[in-house]
Each structure stands twice: as C-alpha cells, then as structure tokens.
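A quick write-up on the structure given underneath.
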Amino acid sequence: MDEEKISQEELDEKLVNNAFQELLDSYLSSRHRKKVDLITKAFNFARQAHKGVRRLSGEPYIMHPIAVALIACKEVGLGSTSICSALLHDVVEDTDYTVEDIENIFGPKIAQIVDGLTKISGGIFGEQASAQAENFKKLLLTMSDDIRVILIKICDRLHNMRTLESQPANKQYKIAGETLYIYAPLANRLGLNKVKSELENLSFKFEHPDEYTNISKKLETTQKQREKLFDEFTKPIRAALDNMHIQYELKQRVKTPYSIWNKMQNKHVTFEEIYDILALRIIFTPRVREEEVNECFNIYVAISRIYKSHPDRLRDWLSHPKANGYQALHVTLMSKTGQWIEVQIRSDRMDEVAEQGFAAHWKYKDGLEDEEYTEDEAELNDWLRTIKEILDDPQPDAMDFLDTIKLNLFASEIFVFTPKGEIKTMPTGCTALDFAFSIHTFLGSHCIGAKVNHKLVPLSHKLKSGDQVEILTSKSQHVSPAWINFVSTAKAKAKIQAILRRDNREVQKKGEEILMDFLQKNQQEYTPAAADRLAEFHDIRKRNDFFIALGEKRVLLGEKDIDELTGKNKKGDEKGGWLKYVPFVGNKKKKEESQKELFVVPDKFNRKKPIFITEDNISQYKFPGCCHPIPGDDALGYIDNKNQIEIHKRNCPVAAKLKTSFGNRILDIKWDMHKTLYFDATIRLGGIDRLGLLNEVTQIISAQMNVNIHTVNITCEEGIFDGSIELRVHDRDDVKTIINNLKGIPDLKEISQIM
C-alpha cells in the first residue's frame, strides 16, 4: 500500500514539475523581462498552499493555476506580474492565506490583482454559485483598476471550459451558458479572437453535443475539398506576392463549428449552403513598420487583378481600427470555381493584435517597462469609462445591467461625423438618440430630433457609417419611457433609466403624501401593511407602483378603500377588488386542481441526476411559451421560485439568462418518449410560387408522413411565396424527416423550423 502511495505521489510530482517547466519555457521564449525567480517563488508558494487538494478530474489542484498561467503567458501574451497572479489566483479563496500575506511576499501589484480575482470568483464551481450578473458587476468594477484582472479571469474560464468534462451535466449547462453570455463577448471586446472562438466552441460542444459532432464530421469530410480549393486559389496569389518581393505567410481560416451552427440558425441555411467556411489570411512582414497600411493596399491591388472582388464586401479596418484594436483589410474575391472567398490582409503585428488583443500591443513598444500600461489603449479606456458611468448609477436589477453591458460587448462599429467633422465611433444599429447621449447627457435628455446629412429625422432613426449628425434640442423636452425601446447603447439606456427613476421617485413621493392625507382625513393610521392592502385591492402588485399610480392620478381613493381597510367589504371579496374575480369565473377550482399536479422539488433533491420526461409524468412539468421544447430537443430544467420545474430549450434566450443568474437551479433533462403524444411545431417555407405547389407540400406532410396539419399561413407577392405551417408531431425526428422530404419539391427554396 505504501509503495502504491509513494508511486502516486511521485507521479503527481512528475506531472506538476513537467507542467511548470512548460510554463517556464513558454515565459523564457517571450519578449518580457526574465523574472524566473519571482515566478518560481509564486509556484512554490501556491503548490504548498494547495497541497493534498485535488480537482474533480482527479489531478492535483495546482495543475489548474499552472494551466491558467500558461494560457495567460502563451495565448494572451502577458508577463511575469500576470503569471504570478494566475499561479496565486485561488490561494486566498481556497486556503488560509490572506491578501496581506500575498502583499508581504509578492508586493502590492500582484496582491491587488489576486484580490480582484478573489472578489469576482464567488465560487462559480461551488454549490453557493451566486447570481452571475452580480459577479459580473464586481468583475467590471475591479477591471476598472487593472485590466489584467479580467484577462486572467478569462484565462481561468478557458481552462475551466477545457476541463468541463468532469462536471455533472446540469453544471455543464450553467457554466457553458454563462461562458457564451459573459466571457466570450468579453474576450471578443478585448480582442482575444482565438480565446473567444475556443470559448464559444466549447460551450456549443457541451450544450449541443450531437450538433457539434455532426458539424465537426462534415468539416472533416470536406477537408480535402477545401485544401484543393485553397491550393488552386492561392497559386496565382503566391506568384504575385513573390514578384513583389514580399515576406509573407498564407493561412487557411476555417469557420468554427459554433459560428457555422450560429449562421445555420440565424440565416436558416444548411451546412452545404454556407459559402464562407473557408477564408484566406495573408500575413506579411512590412519592410518599414510605418508603411504597413500602404503595403496592405498594394497587396489588395495586386490580388484584385487576378480575381474579381465583391464591391459591397470590402471592409477597411486599417484607417479606423475596431474598438478592440483589430486592424485588417477584408476583401471577398470570386474564385475560378465560382465561389466567393474572403481574403484578410494583415501585417504580422496586426495578426498578433487580432489573436492576442491588447496584450500584443506591448510587444511593439520599445523600451517599455514590464507590463506598464500607457495611454495608447485609448479606445479600451473609453470603454472602461462607459462601464464606470453605468456602475456609478447602480441599477436595481442586475440582469438588466448585464444585458445593457452585453449590448456594447457584441456591437461592431460604425463611424459617424459631428457637424464640425469630428469622427465618432458608435455601435452598429445605434440611433440618433444614442448619438446624442454619447456626446452629453443634457443633449440626450433634451433631444427632439436630428439632422442626418442635413435631412430632418426622428430620434429613433438608425445611423449608418459615414452619416453626419446634428442633434436638435428643446428645453421643454423631457425623457420619455418609450425611448428605452429604441436606444441600443449601454450609456443611453443607463442614463434614460436613471432619469426615469428620478422622475418616478418624485411622483412616488407625491403619491405617498396623497395616501397619508387621505388616511388622516378618514381617521386611519398609515402603515406599510395598509398601503400593501390597498395596492392589492386596486390590483397593483407592488407598493411603490401603487404610490406612482396615485401620484399620476391613475388611481383615485374613495369610500371603498376605507371599507377595505376596516373589513366592511363582503366576505367573498376579502382577497381584493371585484376586478380580481372576473377573469376566473368558474375556473378557480380547476386552476387549483391543475396546480396540485405539478411536481414540487423536495428539500433533499439530487440536482446532479438527470430528470427523465415520460408520457406519464410530462404533465408534472411547466412548459413556458418562450421556446416550445418538444421531445428530441436539447433541453434543460429550471427550478422556479415555487420549487416547480420549467423545461426550456438549451439555446432559448430565457434559458441563457437563467443559466447566468440561477446556475445552481439548472437540471439536466432527458426525453424518454415513445411517439404517443403530439406536440406543436412550426415550419417556415419560402420559394417561387407556381400552380399546385401548396398541394404538393400538404400531400407530403399529411399523406406520406401521416402528420396532422394544424394551421397554414401563406402569403404571395410578385411570384415569391413565404409562409408557415403548424403541425402536430411526436418529436424532433418527425420535424427533421418532414423537412428532408420537403426539400425534394422543386421551387421550394427555404425550409426551416421556427423556434
């Protein structure tokens, strides 16, 4: 037994030493200052602190901090301060050491970053997994002090995703959902393209394993075709570049399974219909660093003599880099085989910035101290400033906050000019009102319209790149609640909500005073309970909403309210006003009976085990109307506030929020159905209209498939038809078979399932 124990310890020792050696080798080959002693000291300290602890996968715990440090060094290009912080990132949270101990041994900078990482950790893998939106808020607050906190946090998340296999399925959905919702967009915004792609792909793999496998297999089987196309396409390009005596490298960029699946979902196309799976990257080393932009255009001119370029698909990120630092020239060329192929032209510096983000900027700054930040990251600082502004006005609902920030994370940019010709970067899809708020809150809150390219437009007018915008204001203009529906930037949303809340507080105060006066006149005492009772009597759920209704004169108080407080209303009415009962006449008993049948989660319920849905128990679960899951769908369960279980599709937008906010209430769902029950499914059709087409469609569905058609809704305009058919099916397989059979009909061009 002792021999076995020794050999296991020796194996662990070897495993850990090899991993640390790989980290050191990676660090020594980087351009950062060589602080090997400090990194070794941090490693020994962390190893001692985590001694004897193992991860769920069975390996020693110290392997996780080493892996995170390796990602930070190798894939994000960070230096010794970040590597040490990554090695120590779990010490304060998981052991008896404090931030003060870290500061005494490693200095204030590393201690500050470790402290930031501890604050935002909140036990993401622990049972106490808190609402992630709150954690995200802390994450951004800390990030405002030092961007390295968030870069290391993203490295930590990437390693957790790579080792997610050892977690139970319900945890996998929570962590994958959270990654797609928060971390992948963050990595994208910070320019970590490689990391973003891997996070998305891993999330997709755990949430939709079958679809991931299918797409991966299709990519594998079409690999040879792509290589042949790539070789033929690049042959004349290589010759042209050689003639220009350019030092270059040509790379294939193949779309990831996640981005292929995403496109299939959004554009309702099949794998075979996606034309931009393959792209070409031309990465060159400029003769003179200052001339790299000109060289990009020279290469573009040379290759557009060989192939015809698509006039609408030239993307110039050279003159105006994206806010995450991305620079390149994108052009789409028509190959000799009749396929459009995107070509991305970048210098070696641009390529590193594209893959590693802001961290790569440091490599090209001469004489820069190890990891010192300069004002060069102006765009990133602007973004952090926006976040700080939103955080300065804390919002009551953390999920709203997360959505607001997310809007800015995902956005790609357009360029808009002020009347004086200054250029402003704005997110795509932004309106004239967003632009007004981006300049100044006063301008936004008093905005009545705008002139875009000297033409008068409403506040909701969407701006396009190159627009010149002049904002028109009026002192009598006030912020309207309707504005929130069409603004798209985080700053505008946050400011509008803050102003509306301030206005509401004033109205609320007025309503409170009205109620107090009324009660005083009728010799009644004001208590919160009395206010709640009257709110319920007027069918208003929240006390504050009741005060607002009073302040706005939507509710007028009278004798009945006093009767309600003194109990003079009829006994049958004790639950509130007569309005309460009208919608439920004759239904109340039925409603109560149906609610009794729902499964209620007991206290000691094993949340790690999957729940099997069968014909016998399906009525015990709730199926909300947001995504209509049917047997065969990738689904998950959510334990709601009444301890009942809701069933959602894993890619449902509501489920995305639930995974992020209430990760510890997520359950794994498996279907065990045997084609006895029917479910609704809607198929969207589009194509070229002709006589008898609808007849062929209905023949295939009802005659061949024995499926009931519920409703048909078809519109036809100028020879093109578009519509939907609602069917009663047993499961997802039925839908797939119907779609495949319909594909055989000539003139039917688009067939997809609606969520």
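Probe radius 1.4 Å, ligands and nucleic acids ignored: give me the carbon and sulfur share of the accessible area of region 673-755 as a rounded percent. Before the final figure, lay out the partial values.
Working: 2320 of 4760 Å².
Heavy-atom surface of region 673-755 belonging to carbon and sulfur, 1.4 Å probe: 49 percent.
Would you calculate the separation in nanometres between label points at residue 703 and residue 500, each defined as 7 Å from the Cα along the Cα-to-beta-carbon direction?
If labels sit at residue 703 and residue 500, their model points lie 5.5 nm apart.
Using a 1.4 angstrom probe on the protein heavy atoms only, could you order 646, 207, 750, 165 from most to least accessible area?
Putting 646, 207, 750, 165 in descending order of accessible area: 165, 750, 646, 207.
Taking the Cα atoms of region 595-642, report the difference between the largest and smallest coordinate on each principal axis, in whole Å and largest first.
29, 25, 22
Only four residue types carry charge here, +1 at the Cβ of Lys and Arg and -1 at the Cβ of Asp and Glu. Report the dipole size of region 622-725 about the Cα centre in Debye, rounded to the nearest 20.
In total the dipole reaches around 580 debye.
Give, as a single signed number, the net charge of other residues whose beta carbon lies under 14 Å from the beta carbon of residue 513, with Lys and Arg counted +1 and Asp and Glu -1.
+1
Could you give the size of the charge dipole of region 223-320 about its Cα centre, using +1 on the Cβ of each K and R and -1 on the Cβ of each D and E, expressed in debye and rounded to the nearest 20?
280
Please calculate the 1.4 Å probe accessible area of residue 326, with all protein chains present, and give it to the nearest 10 Å².
Spelled out: residue 326, probe radius 1.4 Å, area about 30 Å².
Please give, to one decimal in nm, the separation of the simple spin-label points placed at residue 14 and residue 510, each 7 Å out from Cα toward the Cβ.
7.9
Over region 208-300, what is the relative contact order in whole percent, taking alpha-carbon pairs under 8 Å and six or more residues apart?
32
More than 17 angstrom separation, counting every C-alpha pair in region 420-513; what % is that?
Details: 2127 of 4371 pairs.
Everything past 17 Å amounts to 49 percent.
Provide the net charge surrounding residue 716, with neighbours chosen by a C-beta distance below 9 Å and charges set as Lys +1, Arg +1, Asp -1, Glu -1.
Numbers: positive: none; negative: 689, 717, 718, 722.
Neighbour charge sum, excluding residue 716 itself: -4.
In a shell of Cβ-Cβ distance under 11 Å around residue 684, excluding residue 684 itself, what net charge do Lys and Arg (+1) and Asp and Glu (-1) give?
Residues near residue 684 contribute -3 overall.
The values are calculated or read from the model by the stated rules, or taken from the named source; none is laboratory data. Predicted, not measured: the structure shown is a model, and the values here were computed from it. Methodologically, a virtual Cβ is constructed for each residue, glycine included, from the backbone with ideal geometry; neighbour enumeration extends over all protein chains shown. When the accessible area is computed, the model is the full protein with side chains, heavy atoms only, and any ligands, DNA or RNA have been set aside. Shrake-Rupley method; radii C 1.70, N 1.55, O 1.52, S 1.80 Å.
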